[in-house]
Amino acid sequence: MATVWIYTNTSKPVGDVEHLKVFADPDTALAWFKDHDPKGEPSNIR
């Protein structure tokens, strides 16, 4: 089983290409998050 990190942009409708971002590793996810949503809150949901 693989782990992925998902960013959900709730201001975009479901199906919009900007609604979800999926990342394969935490470093890439955190770098993107820092650049694109610095005030956002990461959460750990399993």
Spacing of the two label points (7 Å from each Cα toward its C-beta) at Met1 and Asp27, in nm: 2.5
Packing-based ranking, highest mean first, of 30-38, 11-19 given that Cβ atoms within 10 Å are counted: 30-38, 11-19
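Bear in mind that the values in this text are calculations on the coordinates, not laboratory data. Worth saying up front: this structure is predicted, and the values here are computed from it rather than measured. With ideal geometry, Cβ positions are generated from the backbone for all residues, glycine too; neighbour counts draw on all protein chains shown.
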